[in-house]
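Here is the structure we will look at, set down as structure tokens.
The values are calculated or read from the model by the stated rules, or taken from the named source; none is laboratory data. Here the structure is a predicted model, which is why all the values come from computation and not from measurement. With ideal geometry, Cβ positions are generated from the backbone for all residues, glycine too; neighbour counts draw on all protein chains shown.
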Amino acid sequence: MKTFALPDLGEGLQEAEIVSWHVAEGDHVVADQPLLAVETEKAVVEIPSPQAGHIGKLLAKVGEHVKVGAPVLEFEEGAHAESGTVVGQLAEARAAPTAAPRAAASFAPSAPTVRATPAVRARARELGVDLSSVTPSGPGNSITLADVQAAASHLGAKVPETLRGARRTMAANMARAWREVAHATVQDDADIEAWSPDEDVTGRLVRALIAGCKAEPALNASFDAGSLSLRENPTINLGLAIDSPDGLFVPVLRDVARATPQEWRRQIDAIKRGVKERSLAPADLRGATITLSNFGLIAGRHASLIVMPPQVAILGVGRTVAQAVQSGNGIALHRMLPVSLTFDHRAVTGGMAARFLRAVITDLETAG
Amino acid sequence: MSELNLVQAVNAALKRAMSEDADVLVLGEDVGIDGGVFRATEGLFQQFGEQRVLDTPLAEASIAGVSIGLAAQGFRPVAEIQFTGFAYTCIDQILNHASRLRSRTRGRLTCPMVLRSPAGGGIKAVEHHSESPEAMFAHIPGIKVVMPSSPARAYGLLLSAIRDPDPVVFLEPTRLYHAARGEVADNGAGLPLGRCVTLRPGRDVTIVSWGAMIKGTLDAADQLAADNIEAEVLDIATLKPLDSATIFDSVGRTGRLVIVHEAPMSCGIGAEIAARVAGRAITSLLAPIERVTGYDTMMPYLRTEAYYMPNTAAVVAAARRTMAYT
Amino acid sequence: MASVQGHNSINRVLDIDGKLVGTMPEFARNPDELLKLYRALVLTRTFDTKAVALQRTGRLGTYASSLGQEAVSVGAAAAMQPDDVFLPSFREHGGQLWRGVTLKELFLYWGGDERGNDFAGPRGDFPNCVPVGSHPPHAVGVALAFRLRGEPRASVCVIGDGATSKGDFAEALNMAGVWQVPAVFLINSNAWAISVPRAKQSAAKTLAQKAVAAGIPGEQVDGNDVIAVRAVMERALAQARQGHGPSLIEAVTYRLCDHTTSDDASRYRDDAEVSRHWPAEPLVRLRNLLTAAGHWDKDKEEALLHKCSNAVEQAAQEYLATPPQPVAANFDYTYAETPAELAEQRETAIALAQGAA
């Protein structure tokens, strides 16, 4: 470091007070450039630089009294570290710590990539489907939503399925019926011990139902909630509830009261074929005035069923069971057929319903 | 209400703005007596005089720079740059000054200026007159960028741009100046900036576009409808700030996105929209995002210009590709 | 036909020793006006020294010193009215101080805080223009506003010699001339544009003669003679206010400092040349004039140095004690109303900053 001392100020002055510095550490100065102002007795004097150079360090402060010949600053020696820019600051690279070379990681060959968009992946997660097990059918070998749905149903996963066809119709109709009808049910059993072993069950049920309608025609009427009116129907169009893999169908046997049992049989066979072959026309399913449901073919004794407006009644028949009944003064095992009559209490009284049921049971209990 | 084409709608909006606010000025080359080379400023000089409608010397950068000085002093200058091909030289003034005057003075000085310029190809023009620079401007913080697609939207959006307290770059599709006609109610009502417009609702695929490409996009939607594919068409209208919410909502319902722009593909606004959807609506996506754009070349000279521009068939094909993912 | 005065007839009132060589202008006959000018020059230099020192100790950002060029902006500002508009380049600290920008605001700006541009005083003045030579068109726009409104106000745009090579400069002069706007373009012709000397910047004999191409008057003035600078500027501004249009003034001075505190001019510039220019510096000649005329002495000099030093020191302390703005500030001032997409980014930035805290 080359020092610069306060020069002789003349007139025998030995010291001066520093009034202000004109330069800062790090500045580049040239010869004759004023470095600082000092106060003497007579004047404020500028002290020029003797040389060009970079200011290293200022050795005295403003307000200090400095003697002539005392060092006031140091010039930098050697090369001046330059900034390498004209604005801002360029940070220097830090010496990188020498790291031990890493062993090349051995990578297991990756599993083949499953291609599916995020929406499809989200769906697969929801349904618990493992994408790697799904066969892709989309562009670029990608898995589509449909692929995921299909995989889910094969897994037996619960796939929310949009109801279609007869099941959709049933859902809508039942909901409406439930909302509108004032359901009430009366139940009993018919002693059918007198039936022959190969009795035509359906035929007997139809005959009994006709007997009930004759006894209480109000159970075969149509009820209009809007006008609160009950219209008796001249004919009995019997809706026959039939269960199928495609859902519940209720095709209609027209005017059963005037047809012969053989004709019922023929119609019933045609209906069953129609359900199986899905060849029923919409007209075949319309216009029932009363409905019969022989659910006992599968299981169940008594039941409260749903009345489908504008009908006012549905007769449900359960599973035949051998029961101990009073016979004379003793007990005998008789075949008993459970019958349940659900009716719309807006239109039908308990008395009507009970009388209808008594007529049905009376007819069922005859021998043939 | 009257039926106007797009340049007439621009003219009507300028007239309305200048009538309502004495601080609105128009400046640019040939905007005065000549009424602008596209007649966008027709009649303004005659109606408002040379103190409000100024013909400038040929110096685009200074048209923008002078506008900045005027705006800082409280005027609302609407500068016309004859073609966006000449607007690049304005980017320095817009980016280095207009866009940041408010921020760097902490609101002491502001810059409510509009820079409007015809953009896009399809007018069989000589080179440099068919540029689509919207992405370059949209990358600048502190400004807004608008591109209308119809006369009514040109009218309403330009009024809002002039009334906006910040700089707005207003790009007018040259191709639509005469070709787009529609009912325009000259009632001074502005359309809000920063909002997409749903031009056609649909359930199967969202197609977004802006400017001159909207017509072809709507035509594509009609063609798709014949095959029972219902496309939802959004006009982005304001390219900055971008109305992400409307786009996310649409893609949330359709699961498929096609973006159509005339500008070259790389780093176009389609990339920005795709990135936002991939960032925020990715779980809605059933199919990859499609971009139907210009190529990463210059717009070819007019003899082969047609093949460069995205057309209806390309948009239909892109939409169909997304429908393959069902 | 625009006229240009060249080096031979350069406007000058004081020679480098402070002796009268021209006609003393009207304002200068009042010693108080000269004292005001001198005090302003000293304050500027005191501020300048402190700013450099702060930068060297890491407490200010890169700073562009005005060493040796103080008379250009002080003389110009002294000729202006308060409701004129000043458009500096980035070396007009003295002019900004004269017009009411505070020392603290200057420290804030150079310390990297936008609040330094929110001048409490001259509300219409432009902040520094860092993209060299891109602000002359702004000056034209401002002056055009005055002309359109019929106001007797003017804009003053200061550019460096390097900036006169820019297209924006030529465009602005041209437009100013066509429209006859009340703008005065003042060149701080300090002979260096970073490392490019004047001879390599333009083949024109003077920069003032670039006015000829624009059809406006141009003249040179000794940029180190604050009296002459003020006089020339007063005349140019009067012309502008009276509707006689713009003019170009080339204030010939010398850059005694590096381009910025990060620049080291010794890399490209001969130290001996710089030394030769020190005697012509602006403070000494005016001090000599004032001292010779009996208006100045050692005690006044000392008192002034102390006063300036205290004022600068206090402002520096206030600046250093000012905490930086919150993270949200930059977002809040980007638009008049923050759009939704930017508001989200604002929240992200705030959260990240808090997480880092």
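Hey, could you check the stretch C:16-58 for residues that are touching a residue at least 12 places away in the same chain (Cβ under 8 Å), within 11 Å of another protein chain (Cβ to nearest Cβ) and among the hydrophobic types (A, V, I, L, M, F, W, C) and say which is nearest to A:V19 (Cα to Cα)?
This residue is C:V42.
Checking C:A336 against (1) in the same structural domain as C:T348 (by TED's automatic domain parsing); (2) under 26 Å from C:N190 (Cβ atoms); (3) of a type in the set (G, A, S): exactly one of these is not met. Which one?
(2)
Could you tell me whether any residue of the stretch A:150-172 is under 30 Å from A:A324 (Cα atoms) and more than 14 Å from chain B (Cβ to nearest Cβ)?
No.
For every residue, the table says whether it meets (1) in a helix (DSSP H, G or I); (2) β-branched (V, I, T); (3) at pLDDT below 90.
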{"residue": "A:K158", "(1), (2), (3)": "no, no, yes"}
{"residue": "A:M174", "(1), (2), (3)": "yes, no, no"}
{"residue": "A:A177", "(1), (2), (3)": "yes, no, no"}
{"residue": "A:Q187", "(1), (2), (3)": "no, no, no"}
{"residue": "A:E193", "(1), (2), (3)": "no, no, no"}
{"residue": "A:L205", "(1), (2), (3)": "yes, no, no"}
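Could you list all residues from the stretch C:182-206 that are more than 11 Å from C:S247 (Cβ to Cβ) and within 14 Å of another protein chain (Cβ to nearest Cβ)?
Correct list: C:W192, C:A193, C:I194, C:S195, C:V196.
Output the residues belonging to the stretch C:123-149 that are facing another protein chain (nearest Cβ under 10 Å), within 17 Å of C:R91 (Cα to Cα) and not in a helix (DSSP H, G or I).
C:D125, C:F126, C:P127, C:N128, C:C129, C:V130, C:P131, C:S134, C:H135
Quick check: is even one residue across the stretch A:11-22 closer than 19 Å to A:E76 by Cβ and over 60 Å from the mean Cα position of the chain (by Cα)?
yes
Given the criterion farther than 23 Å from B:S99 by Cα, without any contact (Cβ under 8 Å) to a residue 60 or more places away in the chain and of a type in the set (S, T, N, Q), identify the matching residue among B:Q82, B:Q51, B:Q73.
B:Q51
With respect to B:R39, determine if the residue is assigned by TED's automatic domain parsing to the domain that holds B:M18, under 22 Å from the mean Cα position of the chain (by Cα), within 19 Å of B:A119 (Cα to Cα) and basic (K, R).
yes
Do any residues in the stretch B:13-42 that are at positive phi have Cβ atoms under 7 Å from those of residues that are part of a strand (DSSP E or B), where the two are at least six apart or on different chains, and which pairs are they?
B:G28/B:A79; B:G28/B:E80; B:D30/B:D55; B:G36/B:E80
Restricting attention to the stretch B:289-321, which residues are over 20 Å from B:G122 (Cα atoms) and assigned to a loop (DSSP other than H, G, I, E, B)?
Residue satisfying the conditions is B:I289 alone.
Being of a type outside the set (F, W, Y), touching a residue at least 12 places away in the same chain (Cβ under 8 Å), crowded, with 16+ Cβ neighbours inside 10 Å and within 20 Å of C:A251 (Cβ to Cβ) is true for just one of C:G111, C:G75, C:G61. Which residue is that?
C:G75
Could you name every one of the strands (runs of 3 or more DSSP E) located completely within the stretch A:38-92 that has at least 1 residues being assigned by TED's automatic domain parsing to the domain that holds A:G12 and without any contact (Cβ under 8 Å) to a residue 40 or more places away in the chain?
A:44-48, A:53-58
For the condition at the interface with chain C (Cβ under 9 Å from one of its Cβ atoms) and within 60 Å of the chain's Cα centre (by Cα), what is the one hit in A:G88, A:G84, A:G26?
A:G88
So, in the stretch C:310-326, of the ones that are more than 14 Å from every other protein chain (Cβ to nearest Cβ) and either among the hydrophobic types (A, V, I, L, M, F, W, C) or surrounded by 12 or more Cβ atoms within 10 Å (Cβ to Cβ) (or both), which residue ends up farthest from C:R45 (Cα to Cα)?
C:A321
Taking the stretch C:78-103 only, how many residues are in a helix (DSSP H, G or I), touching a residue at least 60 places away in the same chain (Cβ under 8 Å) and touching a Ser or Thr at 6+ places or on another chain (Cβ under 8 Å)?
Final tally of qualifying residues: 1.
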